[in-house]
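Asker: Structure in structure tokens, see below.
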Amino acid sequence: QVAIVVTDGRPQDGVQDVSARARAAGIEIFAIGVGRVDMGTLRQMASEPLDEHVDYVESYSVIEKLTHKFQEAFCVVSDLCATGDHDCQQVCVSTPGAYRCACRDGFSLNSDGKTCTACSGGLGSALDLVFLIDGSKSVRPENFELVKKFINQIVDSLEVSDRQAQVGLVQYSSSVRQEFPLGQFKNKKDIKAAVKKMSYMEKGTMTGQALKYLVDSSFSIINGARPGVPKVGIVFTDGRSQDYISDAAKKAKDSGFRMFAVGVGNAVEDELREIASEPVAEHYFYTADFRTISKIGKKLQMKICVEEDPCECKSIVKFQTKVEDLINSLQQ
């Protein structure tokens, strides 16, 4: 017998005695606190050991991160792939009580054991990717560090070299600052180190000015862009732009750049949609809490791959053929 108590405040009556009676009767009690909860109350209710039975989350929007813990506590999960509790980018292969990641035909598993890269080696898998990052005062220093982790999460999924992915980084607030251009760093390690060193500008939110810089400068040959290579821009913001974004956003898409828009907190979803490429639903993301942007990072990892890669196309066709054969056999 198990009880899970979820509360976000201080009780208006006593909990200590009744909780003790429940535990004495053999009921295992887990106490979950949300937001401005009284932690002492949680400890009065929960079973021992307290560090295994008391949990805290900042808001209800992130309470789902406790799901996996309780799945492990209450049952033996024989198929983690089926439950969705895995980080595999493409294929999850179940093993007793565990899993391993694999990739579809035409892809190889990266060193992280989770993400996949389409047939590497030629310009067919090349990509010029520029991050446009909001450094306004409203982001706050602790959240800016989470944004850096978000950038490096995406970088981890890439194969960086002169012939494959190149990464550039631009930060904007009341002005625009290029942190490093495309091609300056030739490997993931150096890119991630440069991202970690990036200082926080902490001023306004001139998203329109930043988009204009992206169009006019970031994807220019003088800043390392390669002719004929697909261009991808990832724009991150946490609030309403203080200038006009429509013209620059349209020009970016008209120039053939594939634009992703990521919004957090007070970001305006209409602005995100205006920045995002078509189909808009696949190119813009929003979350209320900075702590959940890693989930957006996982989704982006799967979307920024180069669609024109013939290896990827061949793999998709083969996958679709297998699915159609399975459907036909089921109908028979």
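Asker: Please go through the stretch 209-249 and give me each residue that is among the charged types (D, E, K, R), within 14 Å of Val268 (Cβ to Cβ) and open to solvent by 60 Å² or more (accessible area, probe 1.4 Å), ordered by number. Even if it seems obvious, please write down each step before you answer.
Answerer: Our first condition is that a residue be among the charged types (D, E, K, R); within the stretch 209-249, this holds for 212, 216, 226, 231, 238, 240, 243, 247.
Narrowing the set further to residues that are within 14 Å of Val268 (Cβ to Cβ) leaves 238, 240, 243.
Within the stretch 209-249, just Arg240 meets the criteria.
Asker: Scan the stretch 130-148 for residues that are of a type outside the set (A, V, I, L, M) and either crowded, with 16+ Cβ neighbours inside 10 Å or touching a helix residue (DSSP H, G or I) at 6+ places or on another chain (Cβ under 7 Å) (or both) and report the count.
Answerer: 8
Yes/no matrix, rows are residues, columns are (1) modelled with pLDDT under 75; (2) of a type in the set (A, V, I, L, M, F, W, C); (3) farther than 20 Å from Thr287 by Cβ:
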position: His86; (1), (2), (3): yes, no, yes
position: Tyr99; (1), (2), (3): no, no, yes
position: Ser111; (1), (2), (3): yes, no, yes
position: Pro141; (1), (2), (3): no, no, no
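Asker: Mind checking which residues of the stretch 5-55 are open to solvent by 50 Å² or more (accessible area, probe 1.4 Å) and acidic (Asp, Glu)?
Answerer: Within the stretch 5-55, Asp8, Asp13, Asp17, Glu28, Glu48, Asp51, Glu52 meet the criteria.
Asker: Now for a separate question. Check Ala126 against each of (1) among the aliphatic types (A, V, I, L, M); (2) at pLDDT below 85; (3) closer than 17 Å to Tyr213 by Cβ and name the one condition it does not meet.
Answerer: (3)
Asker: May I ask you to list pairs of residues, at least six apart or on different chains, whose Cβ atoms are under 9 Å apart, with the first in the stretch 185-214 being at positive phi and touching a residue at least 12 places away in the same chain (Cβ under 8 Å) and the second being of a type outside the set (Lys, Arg) and open to solvent by less than 50 Å² (accessible area, probe 1.4 Å)?
Answerer: Pairs found: Glu202/Gly135; Glu202/Ser136; Glu202/Val139; Glu202/Phe144; Glu202/Ser173.
Asker: Just give me the residues in the stretch 168-185 being open to solvent by 10 Å² or more (accessible area, probe 1.4 Å) and more than 13 Å from Leu129 (Cα to Cα), in sequence order.
Answerer: Correct list: Ser174, Ser175, Val176, Arg177, Gln178, Glu179.
Asker: Scan the stretch 186-202 for residues that are closer than 23 Å to Ala126 by Cβ and open to solvent by less than 30 Å² (accessible area, probe 1.4 Å) and jot them down.
Answerer: Result: Ile191, Ala194, Val195.
Asker: Between a residue in the stretch 1-25 that is in contact (Cβ under 8 Å) with a residue 60 or more places away in the chain and any residue that is assigned to a strand (DSSP E or B) and not aromatic (Phe, Trp, Tyr), which pairs come within a Cβ distance under 9 Å, given they are 6 or more apart or on different chains?
Answerer: Val2/Glu28; Val2/Ile29; Ile4/Ile29; Ile4/Ala31; Ile4/Ile32
Asker: Can you find even one residue in the stretch 254-266 that is part of a loop (DSSP other than H, G, I, E, B), modelled with pLDDT of 85 or more, surrounded by 15 or more Cβ atoms within 10 Å (Cβ to Cβ) and not aliphatic (A, V, I, L, M)?
Answerer: The answer is yes; a qualifying residue exists.
Asker: Still on this structure, I have one more. Please state which of the following conditions Arg273 fails to meet, knowing it meets all the rest: (1) of a type in the set (Lys, Arg); (2) at pLDDT 90 or above; (3) surrounded by fewer than 16 Cβ atoms within 10 Å (Cβ to Cβ).
Answerer: Result: Arg273 passes all but (3).
The values are calculated or read from the model by the stated rules, or taken from the named source; none is laboratory data. The structure displayed is predicted, hence computed values, not measured ones. Methodologically, a virtual Cβ is constructed for each residue, glycine included, from the backbone with ideal geometry; neighbour enumeration extends over all protein chains shown. These area figures cover heavy atoms from the full protein model, side chains too; ligands, DNA and RNA do not enter into them. Shrake-Rupley method; radii C 1.70, N 1.55, O 1.52, S 1.80 Å.
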